[in-house]
Amino acid sequence: MRLTFLALCLVGTLFASPAAADLIEILFERMSPPLRENGGAIMMLEGDQFTATVGLFGQGVGKFQPQSPYTPGTLIHLEAGRTGGDTFITFVYKGQTQSGNSTQGDIQFVTDAFVVPQTTGSPLVSLPFVLSGSISGAGGIHGVGNANLLFTNPGAFTIGGVPLWGGLAADFVIATPEPSAVVLLLTALGGLGVCAWRHMRFRRSFATGHLRAYERGQRDDRPASAQRGP
């Protein structure tokens, strides 16, 4: 009786426990315009059975670290994102649509470390980043991609006569090869394989033909007595 009671309690506890939130791998992400220190952006996300439009607002509890100005030659990594009331999200996940002020999230981008370029050189830096966070009603999100950073306003600030960058715009991109591209790649590789096979077959046929011709020539060069049978 006691064992039965304990078993029922265990089953009830399992069913009462909340299910673990899903982790959605983001396969495609685009934003416009690029994210800035005090600017907003609209972002499109796609994953397995998941699509979302995310509004990233430029006020409140947004993150963009480090902030301007940027000193050339220094080693930094960029952390940018929006959370809570700084996000407005509409998404479709596993056939269910959800939107509204209650659909908020935590969207964070973190780049690899890089050296701030000189103001006399190219203002562009391209490097990997990681996307992480969560969306209420869907679950956690994760993705990896390439960040295109554009430093702006060179010389807007100076320290000791050294010109600094006055701003930074960050464009975060996640792109997974489309199935058609994969098919084309496999087709091309298959074509190369067929060409290589035909080339090898031709070379073998060519060598075999020469060998047979050589053997016939050797037989024809033998004395007449040796060519006649016994």
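Quick notes
- Each of GLN67 and LEU27 was given a label point 7 Å from its Cα along the Cα-to-Cβ line. The distance between the two points is 4.0 nm.
- Prolate is the label for the stretch 20-176. Its Cα gyration tensor axes, ordered a ≥ b ≥ c, give a/c of at least 1.5 and a/b above b/c.
- For PHE109, the shell of other residues with beta-carbons less than 14 Å away shows a net charge of -3, using +1 for Lys and Arg and -1 for Asp and Glu.
- Three-way shape call for the stretch 82-171 based on the alpha-carbon gyration tensor, with the a/c threshold at 1.5: prolate
- Between ASN148 and HIS77, the simple label model (points 7 Å from Cα in the Cβ direction) yields a spacing of 2.3 nm.
- Per-residue Cβ neighbour rank within 10 angstrom, fewest leading, THR83, THR120: THR120, THR83
- Between the beta carbons of THR120 and THR176, assuming R0 = 41 Å, the FRET efficiency works out to 0.65 to the nearest 0.05.
- Distance in nm between pseudo-label sites at THR97 and ASN38 (7 Å out along the Cβ direction from Cα): 3.7 nm
- Couplings 3J(HN,Hα) of the stretch 153-163, computed from phi: 6, x, x, 5, 10, 9, 10, x, x, 8, x Hz, in residue order, whole Hz [Karplus 6.51 cos²θ - 1.76 cosθ + 1.60, θ = phi - 60°; x for Gly and Pro].
- Label-reachable residues, the stretch 83-111, where backbone N falls under 12 Å from a point 7 Å from GLN49's Cα toward its Cβ: 93-96
A short reminder: the numbers here are calculations on the coordinates, not readings from a lab. What you see is a predicted model, and the numbers here were worked out from it, not measured in a lab. No Cβ is skipped: glycine too gets one built from the backbone with ideal geometry, and neighbour counts run over all protein chains shown.
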